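Asks: Got a structure for you, questions after.
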Amino acid sequence: MKHCLFLLALALIYTAVPAQKFDKLANTPPMGWNSWNKFACNISEKIIMEMADAMVSSGMQKAGYEYIVIDDCWQVSRDENGEIVIDKNRFPSGMKYLADYIHSKGLKFGIYSCAGTKTCQGRPGGLGHEYQDARTYASWGVDYLKYDWCNTTTLDAKSTYSTMRDALYTAGRPVVFSLCEWGESKPWKWAKEVGHLWRTTDDIVDRWDAMIAILDKERELASFSGPGGWNDPDMLEIGNGGMTTEEYKTHFSLWCMLAAPLMAGNNLQNISPENKEILTNTDLIALDQDPLGKQGFCFRDNGDYEIWIKELANNEKAACLLNRSDEEKRVQVDFTVLLKSSDDYWVPDPYELEDYKVLDLWEHKEMILKESTLFITMPPHSVKVYRFLKMQ
């Protein structure tokens with residue numbers, strides 16, 4: 001009888017342990033760098049170490065970026081015991097060595113796998129090996145796991161990702177869990193109990209039209225995002241050459257307004273001064289990392305001209321004016337309306353313009369407003385971003 005009671009107690013403990021994810025790991029959107037957008041499968045130990053070095057020397061670490069994430073193509077097979085096998089030609093020192101190197105820089109180490117039988121590039125996936133892989137990742141020192149959704153056939157996304165969540169929890173090492181099933185099962189409705197961020201769209205492409213199409217898919221999702229669980233419109237393309245500097249500024253501004261994870265995807269070793277300035281704009285990053293954790297919303301849609309609003313802690317706000325058109329626009333801006341705007345359209349007191357400084361976050365200066373309404377000229381595909389900073 002005692003033996004049966006002991007087994008029952010063990011069973012209850014086992015079933016209770018995995019019923020949660022690691023909390024307090026992503027109270028603000030994760031920031032870092034991922035290998036895929038620039039290097040795809042052409043990755044190596046040398047490249048990853050160079051990117052870690054460059055994240056520190058470029059000032060990106062100081063600006064808040066902390067994760068170095070290896071995407072697909074680091075794995076080649078499984079051994080006779082089912083253990084994942086690293087590509088020794090590209091990673092001769094092994095993943096533990098690489099993780100230790102990244103940690104020595106004060107950064108965190110991330111890796112990639114897939115919920116299916118194979119990854120999107122045909123490498124071995126995690127299906128049926130979740131607990132085994134989670135133990136391996138913990139032994140390497142992994143801090144972040146991006147988990148893709150290729151070769152999953154008829155699997156249910158929520159239950160499949162929950163299995164990997166439980167495996168990570170059982171392994172015991174806190175890991176930020178990034179779900180990447182491209183929004184197919186509407187993960188914003190269920191993923192907050194499973195992971196820390198979830199892709200809401202297909203993969204980003206380094207073009208203006210592709211980037212702005214992703215923005216459009218985020219419009220109705222603001223209520224699902226917040227501290228500990230974030231809508232993920234995919235990684236940043238800044239510096240990869242497919243857009244102009246003005247368009248990259250818009251890309252970065254919008255992702256910050258959306259409270260999106262900020263995962264750079266360029267070659268950090270040869271980053272241009274212009275792109276470095278974009279990626280390390282700490283005024284914009286402060287919007288993304290605001291502790292209130294609210295995703296911005298489209299307050300006004302006038303076709304080619306939109307106004308996005310992001311509510312911030314301390315009764316502060318940010319406003320992003322977006323010129324989507326191919327032509328220069330001259331727009332009339334009433335800063336009182338911007339300050340009082342909300343998703344219910346209008347908020348009365350305590351928002352009074354005289355109680356705030358208005359900061360231009362790309363010019364890095366305070367606006368001197370003699371009147372509440374100004375006319376502002378905006379180049380094609382550009383933004384103006386303002387923060388209403390509460391005066392003490």
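Asks: Considering the Cα trace of segment 69-158, what is its radius of gyration and what is Dmax, both in angstroms?
Replies: Values for segment 69-158 (Cα only, Rg and Dmax): 13.0, 42 Å.
Asks: What is the set of long-range amide H partners of Val176 at a cut-off below 5 Å, with H atoms built 1.01 Å from backbone N?
Replies: Placed amide hydrogens put Tyr144, Leu145 under 5 Å from Val176.
Asks: Over segment 297-390, what is the mean sequence separation of C-alpha contacts under 8 Å (at least six apart), divided by residue count, expressed as relative contact order in percent? Could the numbers behind the result be given before it?
Replies: Values: 180 pairs, mean separation 33.2, N = 94.
Reported as a whole number, the value is 35 percent.
Asks: Same structure again: Which ³J(HN,Hα) values in Hz, rounded to whole numbers, follow from the phi angles of segment 314-328 under the Karplus curve 6.51 cos²θ - 1.76 cosθ + 1.60, where θ = phi - 60° and Gly and Pro get x?
Replies: My calculation for segment 314-328 gives 6, 6, 9, 9, 10, 10, 10, 8, 10, 9, 7, 7, 8, 10, 5 Hz in order.
Asks: 5 Å is the cut-off here: which amide hydrogens, built 1.01 Å from N in the peptide plane, fall below it relative to Tyr67, excluding neighbours closer than 5 in sequence?
Replies: Correct list: Met31, Gly32, Trp33, Lys108.
Asks: Separate question: Output wanted: per-residue J couplings in Hz (rounded whole) for segment 272-277, from phi through Karplus 6.51 cos²θ - 1.76 cosθ + 1.60, θ = phi - 60°, x for Gly and Pro.
Replies: 6, x, 5, 6, 4, 4
Asks: Skipping prolines and chain starts, which residues have an amide H placed within reach, meaning under 5 Å, of the one on Lys329, given they are 5 or more residues away or on another chain?
Replies: Here Met378 satisfy the definition.
Asks: By how many nm would the segment from Ala286 to Lys217 lengthen if fully extended, with 0.36 nm per residue of separation less the alpha-carbon distance?
Replies: On the way: separation 69, 0.36 × 69 = 24.84 nm, distance 2.35 nm.
Residue separation times 0.36 nm, minus the Cα-Cα distance, leaves 22.5 nm.
Asks: Tell me the label-point distance for the pair Arg78, Lys105, using the 7 Å Cα-to-Cβ offset, in nm and rounded to one decimal.
Replies: 3.2
Asks: Relative contact order for the chain: what is it in percent, counting Cα pairs under 8 Å that are at least 6 residues apart?
Replies: Details: 808 pairs, mean separation 54.8, N = 392.
Relative contact order here is 14 percent.
Asks: Say a paramagnetic label sat at a point 7 Å from the Cα of Glu184, along Cα to Cβ; which residues of segment 200-226 have their backbone N under 19 Å from it?
Replies: 200-205
Asks: State, to one decimal in nm², a quarter of the convex hull surface area for the C-alpha atoms of segment 297-390, i.e. the direction-averaged projected area.
Replies: Details: hull surface 23.0 nm².
Mean shadow area of the hull around the Cα atoms is 5.8 nm².
Asks: Still on this structure: How fast does the chain diffuse by Stokes-Einstein, in µm²/s, taking the Kirkwood radius from C-alpha pairs at 20 °C and 1.002 mPa s?
Replies: Approximately 97 µm²/s, per Stokes-Einstein.
Asks: Mind giving me the FRET efficiency for Glu366 and Ser342? R0 is 25 Å, r the Cβ-Cβ distance, nearest 0.05 is fine. Write out the running numbers ahead of the final one.
Replies: Working: r = 24 Å, r/R0 = 0.95.
Once the sixth-power term is evaluated, E becomes 0.55.
Asks: Here's a follow-up. Between Phe375 and Thr170, what is 0.36 nm times their sequence separation minus the Cα-Cα distance? Round to one decimal in nm.
Replies: 68.0 nm
Asks: Under the Karplus relation 6.51 cos²θ - 1.76 cosθ + 1.60, θ = phi - 60°, what is the ordered set of whole-Hz ³J(HN,Hα) values for segment 380-389, x standing for Gly and Pro?
Replies: x, 6, 10, 10, 10, 10, 10, 10, 8, 9
Asks: Hey, another quick one. Strictly over 29 Å apart at the Cα level, which of Lys38/Lys217; Lys38/Lys88; Lys62/Lys329; Lys108/Lys192 would you flag in this model?
Replies: Working: Lys38/Lys217 24 Å; Lys38/Lys88 22 Å; Lys62/Lys329 36 Å; Lys108/Lys192 22 Å.
The pairs that break the limit, which is 29 Å between Cα atoms, are Lys62/Lys329.
Asks: Which of the peptides 250-258, 375-383, 161-169, 179-187 is most tightly packed, and how do the rest follow, going by the mean number of other Cβ atoms within 10 Å of each residue? Each step should come with its number before you reach the end.
Replies: Details: 250-258: 25.9, 375-383: 16.2, 161-169: 22.9, 179-187: 20.2.
By packing density, highest mean first, the sequence is 250-258, 161-169, 179-187, 375-383.
Asks: Let me ask something additional. For each of Met95, Met51, count neighbouring Cβ atoms within 10 Å of the residue's Cβ, then give the residues from fewest to most. Please list the in-between numbers first.
Replies: On the way: Met95 23, Met51 26.
Going from sparsest to densest Cβ surroundings: Met95, Met51.
Asks: While we're on this one: Looking only at the chain, where both bridge partners belong to it, what percent of the DSSP beta bridges are antiparallel (to the nearest 5)? Please list the in-between numbers first.
Replies: Details: 36 of 59 bridges.
Bridges in the chain that DSSP calls antiparallel: roughly 60 percent.
Asks: For Asp232, what is the net charge nearby, where nearby means another residue's Cβ is under 15 Å from its Cβ and Lys, Arg count +1, Asp, Glu -1?
Replies: On the way: positive: Lys146, Lys186, Lys189, Lys192, Arg199, Lys217; negative: Asp71, Asp148, Glu181, Glu184, Asp202, Asp203, Glu218, Asp234, Glu237, Asp288.
Local net charge: -4.
Asks: Using the Kyte-Doolittle scale, find the helices of the chain whose mean hydropathy is at least 0.0 and whose Cα atoms extend 30 Å or more along the helix's long axis, counting only whole DSSP H runs. Intermediate values should be presented prior to the final figure.
Replies: Numbers: long enough: none.
Membrane-span-like by this rule: not one helix.
Asks: Whole Å is fine, so just give me how far the alpha carbon centre of segment 17-81 lies from that of segment 106-129.
Replies: A separation of 12 Å, based on Cα centres.
Asks: In whole angstrom, note down how far apart the Cα centers of segment 375-392 and segment 168-238 are.
Replies: Centre-to-centre (Cα) distance: 27 Å.
Asks: Still on this structure, I have one more. Where is the GNM fluctuation largest for the chain (alpha-carbon springs, 10 angstrom cutoff): Ala157, Ala264, Ala52?
Replies: Of Ala157, Ala264, Ala52, the Gaussian network model singles out Ala157 as fluctuating most.
Asks: Quote the FRET efficiency, to the nearest 0.05, computed for Ser57 versus Asn89 with a Förster distance R0 of 22 Å and r equal to the Cβ-Cβ distance. Each step should come with its number before you reach the end.
Replies: Values: r = 28 Å, r/R0 = 1.25.
So, using R0 = 22 Å, E works out to roughly 0.20.
Every read-out reported here was derived from the displayed coordinates using simple, explicitly stated rules and does not represent laboratory data. The structure presented is a predicted model; accordingly, all values stated were derived computationally and were not measured. Note that each Cβ is placed from the backbone with ideal geometry, even for glycine, and that neighbours are counted across all protein chains shown.
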